[in-house]
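Trainee: Below is the structure I would like to discuss, written out as structure tokens.
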Amino acid sequence: MEASFDLVDGEWIPVVDEGGAREVSLRCALTRAHELNGLAVDNPLEMVAVLRQVLLPVYLHACGSPTDDREWRRRWTAGRLDEAMDDYLSDHRDRFDLFGLRPFAQVAGLRTAKDETKPVSLLIAAAATGNNVPLFASRTEADPPALTCAQAARAVLATQCWDTAAIKSGAVGDPKVKGGKTTGNPTGPLGGLGVVIPVGRNLFETILLNTSIHPQPREHDRPQWAADEDDDRPTDRWPGAAAWSRRPVRGILDLLTWQARRIRLVPETVGGATVVRRVVVAAGDRVDQLPEYEPHTAWRRVDKPKAGDPPNRPVRHVPGRAAWRGLEPLLATRMDAGESVTSSQLLRQLNILRARRIVARDLPVQVVTVGVEYGNQSAIVEDVMADRIPLPVAALNPESPVRKLLLDVVAEAEALRNAGNRLGDDLRQAVGGDKLPWDKGQRVGDSFILEFTPLVAQTLRELQRDSQDVEGAQQRWRREALRVAFEAAEPVLSSVPAGAFLGRIRHDGVSTSASVAEAWFRGTVRKILNLQREATMTGAI
């Protein structure tokens, strides 16, 4: 019997339901979206891929994009997705089988000239493959993992979004194959973005918060599963065939379901169950230019773009940096010509909905940020960056004191980090050493800024609940930041040898000592937090 896995009614989408994680079918996820807490985020790449490549485009193709804020309001106040979802999934069931004559997000019969296949670990960002397998890895390419049908479906979607760049297998039927391979492949379309996903109190709210308002539907826009062979045009290849093209994006549905790779899963039966251990991955469509209605990234203005280059580029997340440290681009909802960064289209839209009182200013929205750091010419995944923070809706207002406070918090935390780094350098010099190079070792400030994360999260939650208590939130943040900075510096100061307090003359003739370094640090911390008077009155160190 041919393998089959029905994505409409088979359980494969990880959700949080009544406080616990479980897998549900596509039909359940959409018809019960208002009852489900949300998508599980154990694997952030798969979470984003399931939302973008399936849930959102199915909803938009079934119901259409809202054409104005009144239509968006009607859907929001309904409290659940339209009943048309059930009929849509039944009508399109044949397009949602993971295997068979038209496998979902794949190419039936995709093969190389030598009928080679690769281990399915090629689809898993965290798995070692090719020449990236560690010497003592628990698995080798000769013994790939066996993915369940649910795991394989999510892995395919994540690959379409985040796959590495460089050489891909050459597929039979692809006229661009040379020497059995294709070169120059870019990463998946989300690989160059700092993905920002607004998340609501349940899956229904999350889907609506990620639904863009489009006044005019774009002609010929459709999701990949709705494409047919007769759609093939000289500049637009059918995603169900091996051939691919570089082309413009047709519209939001085309963008969300972009087929960056041609893939075929190779199912086999193990112990009576269908599993996937081998796969074929070949080159897929390449985006001619990322449209600025891409909903899930912030943008940075290019001062002097080259001829033919876009004026704005996506803002990427910085490895090792918590999401709250990137609040400036998230809150940049004003699209003035002089602004260097602009928030994502969805957060700008949320600010408009807030201003028109369609969503409440105390709506407990969270933001999930996801990004990938590639290495070795983007041919390997070095790190997956994921974070989740509360986002006060009131802070999206460019004139809001909440926004000003949050940007001040970020600036003060960065200033404290710099003060901590200087303290470490001054103490090293006090014992006769050199400053620590910026790219080597663990710097004092870089260590204790991590301790600010729970403090900032608490401030964000407080302002979500009560956006009027800005002064109180600021005072609480500054008092706690002072405590954390001093406590984090104490072990460093305690470890300095006694001779460092006597001081020494640096090579530039300046006298330095541990006591001077400590006094400078404590004074600078109080100055940054504007707590000189309060610290003196309360006897704080």
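The values are calculated or read from the model by the stated rules, or taken from the named source; none is laboratory data. If you're wondering where the values come from, they're calculated on a predicted model, not measured in any experiment. Glycine gets a Cβ as well: all are built from the backbone with ideal geometry, and neighbour counts include every protein chain shown.
Trainee: Could we say that Leu405 is in contact with a Leu (Cβ under 6 Å, 6 or more places away or on another chain), under 19 Å from Arg476 (Cβ atoms) and not small (Gly, Ala, Ser) here?
Mentor: Working: in contact with a Leu (Cβ under 6 Å, 6 or more places away or on another chain): no; under 19 Å from Arg476 (Cβ atoms): yes; not small (Gly, Ala, Ser): yes.
Here the answer is no, as Leu405 does not meet what is asked.
Trainee: Taking the range 106-119 on its own, how many of its residues are surrounded by fewer than 21 Cβ atoms within 10 Å (Cβ to Cβ) and not in a strand (DSSP E or B)?
Mentor: Residues meeting the conditions: 8.
Trainee: Could you tell me whether the range 403-413 includes any residue that is out of contact with any Cys (no Cβ under 8 Å at 6 or more places or on another chain), within 21 Å of His296 (Cα to Cα) and touching a residue at least 40 places away in the same chain (Cβ under 8 Å)?
Mentor: Yes, some residue in the range 403-413 is out of contact with any Cys (no Cβ under 8 Å at 6 or more places or on another chain), within 21 Å of His296 (Cα to Cα) and touching a residue at least 40 places away in the same chain (Cβ under 8 Å).
Trainee: Kindly evaluate Asp17 against the criterion of being surrounded by fewer than 22 Cβ atoms within 10 Å (Cβ to Cβ), of a type outside the set (Lys, Arg) and in contact (Cβ under 8 Å) with a residue 60 or more places away in the chain.
Mentor: Judged against the criteria, Asp17 is not a match.
Trainee: Only one of (1) under 30 Å from Arg357 (Cβ atoms); (2) surrounded by 19 or more Cβ atoms within 10 Å (Cβ to Cβ); (3) among the small types (Gly, Ala, Ser) fails for Ala49. Which number is that?
Mentor: Every listed condition holds for Ala49 apart from (1).
Trainee: While we're looking at this one, here's another question. I'm trying to understand the selection: among the residues of the range 160-169, which are over 13 Å from Ala379 (Cα atoms) and part of a helix (DSSP H, G or I)?
Mentor: Gln160, Cys161
Trainee: Having 1 or more residues that are β-branched (Val, Ile, Thr) and either farther than 29 Å from Asp221 by Cβ or in contact (Cβ under 8 Å) with a residue 12 or more places away in the chain (or both) is the bar; report the strands (runs of 3 or more DSSP E) wholly within the range 284-378 that clear it.
Mentor: 366-375
Trainee: Here's another thing I want to ask about it. Of (1) at pLDDT below 95; (2) assigned to a loop (DSSP other than H, G, I, E, B), Thr269 satisfies all except one. Which?
Mentor: Checking Thr269 against (1) at pLDDT below 95; (2) assigned to a loop (DSSP other than H, G, I, E, B), the one that fails is (2).
Trainee: What residue, of Gly523, Gly509, is out of contact with any Phe, Trp or Tyr (no Cβ under 7 Å at 6 or more places or on another chain), over 17 Å from Asp408 (Cβ atoms) and at pLDDT 95 or above?
Mentor: Residue meeting the stated conditions: Gly523.
Trainee: In the range 192-218, what residues are out of contact with any Lys or Arg (no Cβ under 9 Å at 6 or more places or on another chain), under 20 Å from Gly251 (Cβ atoms) and in a loop (DSSP other than H, G, I, E, B)?
Mentor: Answer for the range 192-218, where residues must be out of contact with any Lys or Arg (no Cβ under 9 Å at 6 or more places or on another chain), under 20 Å from Gly251 (Cβ atoms) and in a loop (DSSP other than H, G, I, E, B): Ser212, Ile213, His214, Pro215, Gln216, Pro217.
Trainee: Scan the range 481-499 for residues that are surrounded by fewer than 18 Cβ atoms within 10 Å (Cβ to Cβ) and either in contact with a Pro (Cβ under 9 Å, 6 or more places away or on another chain) or not in a helix (DSSP H, G or I) (or both) and report the count.
Mentor: 2
Trainee: Based on this model, can you work out whether Pro103 counts as within 19 Å of Ala226 (Cβ to Cβ) and in a loop (DSSP other than H, G, I, E, B)?
Mentor: Spelling it out, Pro103 is indeed within 19 Å of Ala226 (Cβ to Cβ) and in a loop (DSSP other than H, G, I, E, B).
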